[in-house]
1. Using the structure shown, list the pairs from Lys142/Lys173; Lys105/Lys193; Lys40/Lys133; Lys105/Lys173 with a Cα-Cα distance above 20 Å, or answer none.
2. Under unit Cβ charges (Lys, Arg +1; Asp, Glu -1), what dipole magnitude, rounded to 20 debye, does region 19-212 have relative to its Cα centre?
3. Of Val207, Val165, Val134, how do they rank once you tally other Cβ atoms within 10 Å and put the fewest first?
4. Would you mind checking the radius of gyration and Dmax of region 19-212 based on alpha-carbon positions, in Å?
5. Given an 8 Å cut-off on Cα distances and at least 6 residues of separation, report the relative contact order of region 19-212 as a percent.
6. Within a 10 angstrom radius of the beta carbon, how do Thr85, Thr55 rank from fewest other beta carbons to most?
7. Counting other beta carbons within 10 Å of each Cβ, put Ile35, Ile131 in order, fewest first.
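No lab work stands behind these numbers, since they all come straight from the coordinates. All of these numbers come straight from a predicted model, not from anything done at the bench. Heads up, the Cβs are rebuilt from the backbone with ideal geometry, glycines too, and the neighbour counts pull from every protein chain shown.
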Amino acid sequence: MSVIAPQVSPISGSAPPSAQELDRALRDASPAEVIAAALKAVGRDKLALVSSFGTESATLLKVMADVDPAIPVIFLDTGWLFEETLAYRDTLIAMLGLKDVRSIKPAEETLAREDGDRDLWFSDPDACCRIRKVEPLARALKPFDAWLNGRKRFQGSTRADIPVVEDDGTRLKFNPFANVSREELEAIFVRAKLPRHPLAASGFLSVGCMPCTSRTAEGEDARAGRWRGRAKTECGIHTMKIS
């Protein structure tokens, strides 16, 4: 599969395509083709990419920048992120020439009311993710009709069967890297000479908030270090309808 192919086949019909129609048309498309199709479907002003600037994020951001570096990028600054993640964000913005990165923070009044002692991550991690990620993302996505994200089927668990395009309430949700393999992901890093997340070399194969991220042991799934010891595997932005 070509990972950075610039062409996209036109989608027939004058009415806006449905998620099912788009998924059928794009199920074998390259990530660049999926992003181009998303732009064609809703336009740049109505399309956003949501990125954690985590260990694999540079690859999707690179492909997006090659298609259109002015697509808005939403970054959820939860208040619990590693300093290394914030520095990596700034590095990638400069390197890739990203034109519109929006750092979104939780509502201060919500934090004061529900997590005044900053221990909600321990007592109720689902609630912590809700106020620090799910609700801020819902607010940030209000102006948009579609969004892009970096989930991949090889990540397994709830991601093993994701389509290329799906409904997210009233919005379209595009998964340009759904079909990408680990080897293809690595090839993008190497070919584009992308910098790695500063924590990747220390064994952090998936990086989220500090209290809920740990190193991954050899042979473990890449996301095994997230919410270690709990049944939780997702923050909620991909398991709840955002719109």
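1. Long pairs (Cα-Cα over 20 Å): Lys105/Lys193; Lys40/Lys133; Lys105/Lys173.
2. Around 440 debye, computed over region 19-212.
3. Val134, Val207, Val165
4. 16.6, 49
5. 30 percent
6. Fewest to most other Cβ atoms nearby, the residues stand as Thr55, Thr85.
7. Lowest to highest Cβ neighbour count: Ile131, Ile35.
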